[in-house]
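Peer 1: The structure is given below, and queries will be raised subsequently.
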Amino acid sequence: MVEQRPEKPCVGGSNPPLTTPPPLFAAQRRRAGILFGTGASTRKRGRRRSHSAGRERRASDSGLPDRRPPPAPDGRSRAGPGPHREQRAVPRAPACPGTRLSWKTPGLLILPRSTPRLSSALSLPTSPASYSAMSSDYRTESDSLGDVRVPAEALYGAQTQRAKENFPVSDLRFSRRFIEALGHVKRAAARANQDLDRLGDETAEAIVDAAEEVIEGRHDEDFVLDIFQTGSGTSTNMNANEVIANRASVLLGADRGSKAVHPNDDVNMSQSSNDTIPTTLHVAARVGIEHDLLPALEALQGALEEKAEAFDDVLKSGRTHLMDATPVRLGQEFGGYAAQIEHAIQRIELASNRLSEVTLGGTATGTGLNCPEDFPETALQHLTDATGLSFYKTGNHFAQQAGKELYVDAHGALNTLATALLKIANDLRLLSSGPTSGIGEITLPVIQPGSSIMPGKVNPVQSEQVMMVATQVTGNHQTLTVANTHGNFELNVMMPVMAHAMLQSIDLLANSVDAFRGKCVEGIEADRERCRELLELNPSVATALNTAIGYDKASEVAKTAAKNRESVRTVVKRMGLLDEDELDEYLDIRRMTQPGVPGDA
């Protein structure tokens, strides 16, 4: 069967419309085994046949047996996958009575006979009935470039469909937090345009209702675009405009695609992608930081402070350069961790507040063309009321629409947090190392088996997930750093990937910190006996003797203690350097963990 092309219209009506399936990419063609009948592919097959013929001749000349499979009873080849199989053609359009069949029809699809289900897998219709059904699954919308076929039930429209086809790059999509923020911006804009008498009440209310559904996540399946798209995020701005416009049209009793509510004239009124998307970046990041990340960090800080208090009586060896150092209290170490998180919170709060400055009102290039003078303040007041977070118009649109320094700075606070978390997680896994060959001064909760081959082994898995998240966040910071260098003239053209990196970091950090706290930190226990055992043999305790016997003698004591694996007290007594009372005064371990000079009254 071959593709059929009518020479003239079918009797009794026009030719059925062609419903050509989406183009297949090279990788899909290779996986499917599809071969095209003209051009380079024909030449390749010709070369393969020549090579095959050459091999046959060489085999015949050499007298070697022919190991090819014998022909099938019906004469067809039994060869495996390749160009030697019998091929069949699948039509792309339905046939009409009186049509002429041709193997030379342009665009003919040649399929191997061994793939009988391929046409089904690729959704290629094979009958007029199936073409009719397929047509009913689509509607036709138009944009400035012409007509576009859009899935009938989709809320998005022509521009989103084009972008969906243009950017099949990855499986990365904008996050729930970004879509929610974009819905908030569109809702606030509609309210502002209504307040300024630029948008009728009925249309405005429909847009607000549709935008609120977007905020709630009821239409996330219609936000279909790849992160890797136009660098301004225009495609995603239009995705939102079309979804909200079509949903608002339906709410007003019109059809999807009717443009009863127009995506540009109504939903995008007083805006441009170039000020809407940067504003959305800030709104999404602020909401994520304030609602997710900061609460998680505050809970972690509290858990660490509780451990600091509980472990305040535990004396242990300090360590610098991974080597024994003067004594510390385990509670002091955990107090340090808590302070690191507290400082991270302060930096992130400051960065979040700076993200209150947004670009709404700058429109295309920062001049505010087509934007009423009172629109930005009015819209941002609605945005502030809806989110509970303050937002205000930037003092210089040219700086903020082309440069994303505030965004990079905010992620810098996240990057700094990541480095602190990695240090804390690393410390905890090292302090818990063992059970027989490591430090073993603390024990972590046992939450899962650690090995598929070593029975009974458990690992510090929560520390490891934190370390990997921290590594990802530092990588995201590099992405944002490079992306911000591409604010060419009046617009940054890497905003979608910046938004993805920022929101991924916020989500990862919030979730990671929650798991780390609940499944690790809160269950940590101190092994007091092990801490005492290691401290007893720590040669750096001799540091407290500097003012009593001098640095040189103290060094001799420390070296002897380390060499013989003896306590400093034992070595000093044997050398007769101090009596028992003096030793008690100078080797008071608790006092060594506090400011002051040993031996002073």
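The values are calculated or read from the model by the stated rules, or taken from the named source; none is laboratory data. Small disclaimer: the values here were computed from a predicted structure and weren't measured. All Cβ positions, glycine included, derive from the backbone under ideal geometry; neighbour counts span all protein chains shown. Ligands, DNA and RNA are stripped out before the accessible areas are found, and what is left, the full protein with its side chains, is counted by its heavy atoms. Shrake-Rupley method; radii C 1.70, N 1.55, O 1.52, S 1.80 Å.
Peer 1: Out of Arg590, Arg569, Arg565, report the one residue that is touching a residue at least 40 places away in the same chain (Cβ under 8 Å), open to solvent by 60 Å² or more (accessible area, probe 1.4 Å) and not aliphatic (A, V, I, L, M).
Peer 2: Numbers: Arg569 fails: touching a residue at least 40 places away in the same chain (Cβ under 8 Å); Arg565 fails: touching a residue at least 40 places away in the same chain (Cβ under 8 Å).
Among Arg590, Arg569, Arg565, only Arg590 is touching a residue at least 40 places away in the same chain (Cβ under 8 Å), open to solvent by 60 Å² or more (accessible area, probe 1.4 Å) and not aliphatic (A, V, I, L, M).
Peer 1: Right, something else. Test Val224 against the criterion of being open to solvent by less than 20 Å² (accessible area, probe 1.4 Å) and either part of a helix (DSSP H, G or I) or in contact (Cβ under 8 Å) with a residue 60 or more places away in the chain (or both), and give yes or no.
Peer 2: Numbers: open to solvent by less than 20 Å² (accessible area, probe 1.4 Å): no; either part of a helix (DSSP H, G or I) or in contact (Cβ under 8 Å) with a residue 60 or more places away in the chain (or both): yes.
No.
Yes/no matrix, rows are residues, columns are (1) open to solvent by 40 Å² or more (accessible area, probe 1.4 Å); (2) touching a helix residue (DSSP H, G or I) at 6+ places or on another chain (Cβ under 7 Å); (3) under 30 Å from Val482 (Cβ atoms); (4) in a strand (DSSP E or B):
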position	(1), (2), (3), (4)
Ser142	yes, yes, no, yes
Asp147	yes, no, no, yes
Asp171	yes, no, yes, no
Gly183	no, yes, yes, no
Leu199	no, yes, no, no
Ala204	no, yes, no, no
Val208	no, yes, no, no
Glu212	yes, yes, no, no
Thr230	yes, no, yes, no
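Peer 1: Limited to region 457-483, what total is found for residues that are open to solvent by 30 Å² or more (accessible area, probe 1.4 Å) and part of a helix (DSSP H, G or I)?
Peer 2: 14
Peer 1: So, one more: Take Arg347 and tell me if it is outside the structural domain of Asp197 (by the TED database), basic (Lys, Arg) and under 30 Å from Ala544 (Cβ atoms).
Peer 2: Working: outside the structural domain of Asp197 (by the TED database): yes; basic (Lys, Arg): yes; under 30 Å from Ala544 (Cβ atoms): no.
For Arg347, the condition - outside the structural domain of Asp197 (by the TED database), basic (Lys, Arg) and under 30 Å from Ala544 (Cβ atoms) - is not met.
Peer 1: Among the residues of region 310-330, is any among the charged types (D, E, K, R), open to solvent by 40 Å² or more (accessible area, probe 1.4 Å) and in a helix (DSSP H, G or I)? Don't jump to the end; show me each part of the working.
Peer 2: Taking region 310-330 as the starting set, the residues that turn out to be among the charged types (D, E, K, R) are 312-313, 316, 319, 324, 329.
Checking the rest, the ones that are also open to solvent by 40 Å² or more (accessible area, probe 1.4 Å) come to 312-313, 319, 324.
This time we only want the ones that are in a helix (DSSP H, G or I), so: none.
Within region 310-330 (the criterion being among the charged types (D, E, K, R), open to solvent by 40 Å² or more (accessible area, probe 1.4 Å) and in a helix (DSSP H, G or I)), the answer is no, since none of the residues qualifies.
Peer 1: Next up: Looking at Ser258, is it polar (S, T, N, Q), touching a residue at least 40 places away in the same chain (Cβ under 8 Å) and outside any helix (DSSP H, G or I)? Lay out the reasoning, then the answer.
Peer 2: Numbers: polar (S, T, N, Q): yes; touching a residue at least 40 places away in the same chain (Cβ under 8 Å): no; outside any helix (DSSP H, G or I): yes.
Considered against the rule, which asks whether it is polar (S, T, N, Q), touching a residue at least 40 places away in the same chain (Cβ under 8 Å) and outside any helix (DSSP H, G or I), Ser258 comes out as no.
Peer 1: Taking Glu533 as the residue in question, decide whether it is outside the structural domain of Glu441 (by the TED database), within 30 Å of Val446 (Cβ to Cβ) and out of contact with any Leu (no Cβ under 9 Å at 6 or more places or on another chain).
Peer 2: Working: outside the structural domain of Glu441 (by the TED database): yes; within 30 Å of Val446 (Cβ to Cβ): yes; out of contact with any Leu (no Cβ under 9 Å at 6 or more places or on another chain): yes.
Yes; evaluated as a whole, the condition is true for this residue.
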